[in-house]
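Notes follow once the structure below has been shown.
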Amino acid sequence: MYRLVCVECGESFPPDEILYQCTRCGHLLAVEYDLETIDVDLAAWKRRPLSVWRYREILPVSIEPVSLQEGGTPLYHLSRIGEEIGVPHLYAKHEGMNPTGSFKDRGMTVGVSMALQLGRTSVACASTGNTSASLAAYAAKAGIPAVVLLPAGKVALGKVAQALMHGARVLSIRGNFDKALEMVHELCLSHGLYLLNSVNPFRLEGQKTIGFEALDQLGEVPDRMVLPVGNAGNISAVYKGFTELMTLGRMDRIPMMTGIQASGSSPVVRAIHEGLPEVIPDANPETVATAIRIGAPVNAEKALAAIRKTGGTAESVTDGEILSMQRDLARKEGIGVEPASAASVAGVKRLRDMGAIDRDEKIVCVVTGHLLKDPETVIRQCEPPLEIDADLPSLLSALQRS
Ligand code: F0G
């Protein structure tokens, strides 16, 4: 029904082999289905609830999935912000509304299910925060232990709280995410833990459903999909899903895939702007959007192809632009997201200001994580509550002052 295929040399491997890269050339693997022989009943999809598992015929899981009811997230029309920045057909797919507050849950319901399907009894990941929170929760649901490696001092409070509370073994390394990923990869290869970072091709299968849902909710193909880019897995996953829908005849064109990075951490943007065949890593990435503070994105080769093949683009935004859009989403649209998520919408504003986006484009921004993930960055931007005496005159005088 499916196999693992190297995105570079095309070598294929059986589906039950546990591999995170091609054994012949070292490049990334992808899951390839026999789409001609799979019976995908598009009408049946419509009858099922909006969720990752609506699309189960083109997911690799054959056991009862480990699920916390992920997916089915809202697609909001950003009417005020869209009007302000001159793109009235602007939408946000709020992935912060998943069970642990980020899109990672789509990957983990598939990834942790695959761990069980492949007979693995422990799981691990490196993370800038959300992957660890999600893995911890899904491992708890599956009843298996999880080990997570975080870059010390660079993970937002809510995410650490989740990983700890869900019972993962949480370790902070004195180094950045890229180093943590290298270490956990080695640990998994030498000690048999199942690696659930986005080098795991099965995890990305779950994440491709963001695009499927957006299409079903919008009722048409958007002109552009805009995603914040860190390790570059999510943009690659959504693109791959679209190519499958094209093969199935469910779409007639693929949206322009557009990736947004923080200016202090933007190797993919540089590669796109300079036409490089591959990214040149940032040794010391830095941004307030700690979720995407990644200098050596492991899925870059897939992401560059997705952007280039669809006529999309990549752009960077400053921390100031990210935080300003985080406030606008919260105050003008009622949508609470973490900084990395605001990057996608900030990127649309930047591209529109540059004249790189047409006014009549239909654009779906993926906003990836919930506001409560990073309360400290929120509090730093806001006036603290004014403490007053507990009587009405004090209340009235305080309200008159502000
Ligand atoms: N937005 C948020 C909120 C994220 O947590 C991440 C990645 C991204 C965007 C970027 O997605 O890596 O697929 O390009 N977070 C990972 C983590 C790295 O460990 O939680 P990507």
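The values are calculated or read from the model by the stated rules, or taken from the named source; none is laboratory data. Note that the structure is predicted; figures quoted are calculated from it, not measured. Neighbour counts are summed over all protein chains in view; Cβ atoms, including those assigned to glycine, are modelled from backbone coordinates with ideal geometry. Remember, those area values only see protein heavy atoms, side chains included, never the ligands or the DNA or RNA. Shrake-Rupley method; radii C 1.70, N 1.55, O 1.52, S 1.80 Å.
The table below gives the values:
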{"quantity": "Listed residue (52, 236, 130) projecting farthest to the positive dipole end of the chain, Cβ model", "calculated": "130"}
{"quantity": "Packing-based order for 150-163, 54-67, 95-108, using average beta carbon neighbours within 10 Å, highest first", "calculated": "95-108, 150-163, 54-67"}
{"quantity": "CD proxy at 222 nm, helix term only [per DSSP H run n ≥ 4: -39500 (n - 2.57); per residue of the chain; nearest 500]", "calculated": "-12000 deg cm²/dmol"}
{"quantity": "Average accessible surface area per residue within the chain, 1.4 Å rolling probe, Å²", "calculated": "41 Å²"}
{"quantity": "Largest to smallest principal axis extent of the C-alpha atoms in the chain, angstrom", "calculated": "73, 47, 45"}
{"quantity": "Most fluctuating residue given options 198, 172, 266, as computed from a GNM of the chain linking Cα atoms under 10 Å", "calculated": "172"}
{"quantity": "Probe 1.4 Å, all protein chains present, accessible-area order of 45, 53, largest first", "calculated": "53, 45"}
{"quantity": "Carbon plus sulfur fraction of accessible area for the chain, probe 1.4 Å, in percent", "calculated": "52 percent"}
{"quantity": "Rounded accessible area of residue 313 (nearest 10 Å², 1.4 Å probe)", "calculated": "40 Å²"}
